[in-house]
Amino acid sequence: MSKITNPDYPGFYFSATVIYMNIKKVYKKLYGYFGSQGWWPIFDIKIGECKYNCSENIKQNNKFEICIGAILTQNTAWKNVEKALANLSPEISPEKILTHKKLEKVIQPAGYYNQKAKKLRIFSKWWLQNKKATREELLGLWGIGPETADSMLLYAFNQPIFVIDTYTKRLCKELGVEFKEYDEYRKFFESQLPPDPKLFNEYHALIVAWGKLYTKDKEKVVKIIAS
DNA sequence: TACCAGGTCCTCG
DNA sequence: CGAGGACATGGT
């Protein structure tokens, strides 16, 4: 595929398709098809599963849980994360994680439970030190890579950081845009959108919705983003 | 039965 | 660096 430049976006290379279809239009198409996704889901003890469309207040009060969820969902279906969160509830706190006698056992449904238990302990210890949540700080912790760090920054700390995952790269590929580095993808989106956490929140969630459909019906997902 | 899921780390050349 | 493998459960 031939790559061409767009003077509006110096440093980026686009296929001919993307020139006529910027990333805001893609957002509108995804939103039009899937609608609001209501992220981040917060575990609700009353119903025993995660609830979407939570108020900003509830999300504010559950920042730690959001971060824990971001770790638990690494290469793992959210349904399995919910089981782990249910086992951790009703109290999901750094103190509980650090003193839990059977952490590996209760998070087992989320997979990679040995590694993830270690990640949760390291993150909890860091949390209790009351450090400022910056990208550099988070990336410095063992077990937190770029996507997990960015998920925390966006969904827990409300910062305008665009989250890149495998689905996002797949979407880009469909649009004819490919980069090598994670940060190149991130800047590609951030450079074309206003730095609005709510927009980034919805966009990433919509890309996940699109990505989930991709494996089931590739023909359909291509049509959704086509002009 | 294989393959995939809201990745990350480690090792080896 | 960069490719390749390990980590692990549950759904389709």
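Each reported figure results from applying straightforward, stated rules to the coordinates on display, with no laboratory input. Just so it is clear, the structure is predicted and the values come from calculations on it, not from any experiment. Counting neighbours? That spans all protein chains shown, and the Cβs are built from the backbone with ideal geometry, glycine included.
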Exercise for the section: List every residue pair whose Cβ atoms lie under 6 Å apart, where the two residues are 6 or more positions apart in sequence or sit on different chains, the first residue falls within the range A:182-211 and is over 18 Å from residue A:29 (Cβ atoms) and in contact (Cβ under 8 Å) with a residue 24 or more places away in the chain, and the second residue, located anywhere, is of a type in the set (Phe, Trp, Tyr) and buried (at least 16 other Cβ atoms within 10 Å of the Cβ). Expected result: A:186/A:162; A:190/A:162
Fill in the blank from the handout: Counting only helices (runs of 4 or more DSSP H) wholly inside the range A:166-227, the ones holding at least 3 residues that are within 21 Å of residue A:35 (Cβ to Cβ) are A:166-175, A:197-216, A:218-225
Exercise for the section: Kindly provide the set of residues from the range A:107-145 that are part of a helix (DSSP H, G or I) and hydroxyl-bearing (Ser, Thr, Tyr), ordered by number. Expected result: A:113, A:124
Exercise for the section: Check whether at least one residue in the range A:95-111 is under 17 Å from the mean Cα position of the chain (by Cα) and within 12 Å of DNA strand B (Cβ to nearest atom), and report yes or no. Expected result: yes
Practice task
Quick one: in the range A:128-155, of everything that is surrounded by fewer than 21 Cβ atoms within 10 Å (Cβ to Cβ) and within 23 Å of residue A:57 (Cβ to Cβ), which residue is nearest to DNA strand B (Cβ to nearest atom)?
Solution key: A:133
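Tell me which residues, restricted to the range A:136-177, are within 16 Å of DNA strand C (Cβ to nearest atom) and of a type outside the set (Asp, Glu).
Answer for the range A:136-177, where residues must be within 16 Å of DNA strand C (Cβ to nearest atom) and of a type outside the set (Asp, Glu): A:139, A:142, A:143, A:144, A:145, A:146, A:148, A:166, A:167, A:169, A:173.
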Completion exercise
For the range A:179-223, the count of residues that are within 16 Å of DNA strand C (Cβ to nearest atom), under 11 Å from residue A:164 (Cα atoms) and in contact with a helix residue (DSSP H, G or I) (Cβ under 6 Å, 6 or more places away or on another chain) equals 2
Fill in the blank from the handout: With criteria (1) within 11 Å of DNA strand C (Cβ to nearest atom); (2) more than 30 Å from residue A:189 (Cβ to Cβ); (3) touching a strand residue (DSSP E or B) at 6+ places or on another chain (Cβ under 7 Å), residue A:82 comes up short on (2)
Fill in the blank from the handout: When the range A:63-90 is checked residue by residue, the ones that are part of a loop (DSSP other than H, G, I, E, B) and either aromatic (Phe, Trp, Tyr) or more than 23 Å from the chain's Cα centre (by Cα) (or both) are A:90
Handout entry: Near pairs, Cβ below 7 angstrom, 6+ apart or cross-chain, from the range A:112-138 (in contact (Cβ under 8 Å) with a residue 60 or more places away in the chain) to any residue that is assigned to a helix (DSSP H, G or I) and not charged (D, E, K, R)
Key = A:127/A:64; A:127/A:94
